[in-house]
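The structure under discussion appears below in the form of structure tokens.
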Amino acid sequence: MNNCTKIKVGVLGATGTVGQRFIQLLENHQHFKVAVLGASANSKDKIYKDAVHWLLATPIPSDIANMKVHACDDIEAFNDCLIIFSALDASVATNLEKTFRIKGKAVFSNAKSHRYDSDVPIVVSSVNSDHIRCVQDQKKMYQGGFIVTNPNCSTTGVVVALKPIVATFGIKEVIVFTMQSVSGAGYPGVPSLDILGNVIPYIGEEEEKIEIETKKILGELSSSDGEQPSSSLKFNDHPMFVSAHTNRVPVSEGHTICLSIKLGREATVEEVSNVLKGYHKLTPPENCKLLISEPPLHVIDYPQTPNRPQPKLDLERGRGLTVTVGRIRGGSYQGGGSFDIRLTLLVHNTVLGAAGSSIQNAETCFKFGYIQ
């Protein structure tokens with residue numbers, strides 16, 4: 001697919017941390033081409049390289065650097081875009097994303113605004129891509145437009161690790177303990193005097209997001225009359241109990257998360273480890289560069305390698321789209337107790353945990369024929 005036939009996309013919040021990741025990850029994409037950039041009124045009519053404080057190691061793509069920036073609420077500027085990627089703060093995303101949906105756009109949002117709407121899915125493509133079929137109901141109501149959200153960055157890593165476990169053994173309960181990097185707070189983020197040499201044991205609304213979103217993502221999608229697909233689809237949360245503790249730590253990028261899991265049935269540590277190792281072990285087509293082609297999960301053997309995953313060593317695995325899991329072990333060294341399995345995972349919070357998931361969701365919708 002050449003540039004003339006690629007689907008035109010717009011990026012809202014293009015100058016922010018997540019917006020920059022969208023632009024980086026969409027460079028030379030097989031199916032999508034960034035055509036319009038949206039940002040705040042302060043950036044309106046500037047060229048992108050002058051409007052953005054570029055934070056990434058790779059340079060601004062040459063075809064983007066001199067593009068004009070539009071105000072996000074200049075809806076007509078996005079008329080030729082079939083897809084809208086939203087990196088907006090929830091305070092402005094709520095109404096703008098609905099406006100673009102009404103205009104018939106496919107909106108892929110990183111914001112929390114519509115995650116809990118009854119007709120909007122929260123999707124991690126390697127976990128619950130089947131939930132995307134609910135966009136059929138939205139398309140009927142909004143002239144072909146729809147919204148698909150991806151979850152909170154920590155939730156993303158949690159559900160990727162839990163999916164093969166819940167599918168094979170069931171899960172009754174999980175305790176989530178996060179150590180979240182400062183980039184998760186955006187730029188300029190947490191003041192250096194607050195975070196250097198320190199741990200902040202509170203991140204506003206994060207615990208609630210993890211507990212609610214995990215259950216929706218790992219739940220089922222069914223029709224209201226109990227029969228299969230096509231209309232009146234509803235989400236049924238997974239009945240597992242989720243309890244979360246969130247902490248901000250002085251790490252630049254990458255969220256490290258510890259899970260304690262009570263299984264639905266008995267299983268050995270080896271059985272759980274093997275299930276995780278076998279998760280989505282597919283060979284992508286040759287020369288496939290789509291983001292959905294990256295393996296969702298990588299397992300580091302424990303106890304052979306007891307001190308991994310680590311952000312310094314494991315963050316960029318799979319272009320930042322692979323969750324790394326290690327320290328898979330029993331629920332307690334003393335035996336007994338409420339939990340059967342413990343593990344540690346690492347997720348790249350601004351790639352898979354943000355822009356990367358939104359792009360994967362758009363790729364999945366394209367694959368399923370919901371975007372044409």
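The values are calculated or read from the model by the stated rules, or taken from the named source; none is laboratory data. Remember, it's a predicted structure, so these values are computed and weren't measured experimentally. A quick note on method: Cβ atoms are made from the backbone with ideal geometry, for glycine too, and the neighbour counts reach across all protein chains shown.
Descriptive notes on the structure:
- For segment 44-69, filtering for residues that are assigned to a loop (DSSP other than H, G, I, E, B), hydrophobic (A, V, I, L, M, F, W, C) and surrounded by fewer than 18 Cβ atoms within 10 Å (Cβ to Cβ) leaves 4.
- Inclusion of T58 among residues that are modelled with pLDDT under 95 and either within 21 Å of V351 (Cα to Cα) or β-branched (V, I, T) (or both) is not warranted.
- Wholly enclosed strands (runs of 3 or more DSSP E) of segment 226-294 bearing at least 2 residues modelled with pLDDT under 95 and within 23 Å of T214 (Cβ to Cβ): 233-236
- Qualifying residue in segment 92-102 (condition: part of a loop (DSSP other than H, G, I, E, B) and surrounded by 13 or more Cβ atoms within 10 Å (Cβ to Cβ)): no
- Across segment 32-43, the number of residues qualifying as without any contact (Cβ under 8 Å) to a residue 60 or more places away in the chain and either touching a helix residue (DSSP H, G or I) at 6+ places or on another chain (Cβ under 7 Å) or part of a strand (DSSP E or B) (or both) comes to 8.
- Single match in G189, G184 (criterion: under 22 Å from V127 (Cβ atoms) and either free of Cβ contacts under 8 Å to residues at least 12 places away in the same chain or not in a loop (DSSP other than H, G, I, E, B) (or both)): G184
- Number of residues in segment 135-181 that are in the same structural domain as A106 (by the TED database), surrounded by fewer than 24 Cβ atoms within 10 Å (Cβ to Cβ) and not polar (S, T, N, Q) equals 7.
- Any hit, segment 33-53, residues being at pLDDT below 95 and in contact with a strand residue (DSSP E or B) (Cβ under 6 Å, 6 or more places away or on another chain): yes
- Qualifying residue in segment 128-137 (condition: part of a helix (DSSP H, G or I), among the small types (G, A, S) and either free of Cβ contacts under 8 Å to residues at least 40 places away in the same chain or within 23 Å of K367 (Cβ to Cβ) (or both)): yes
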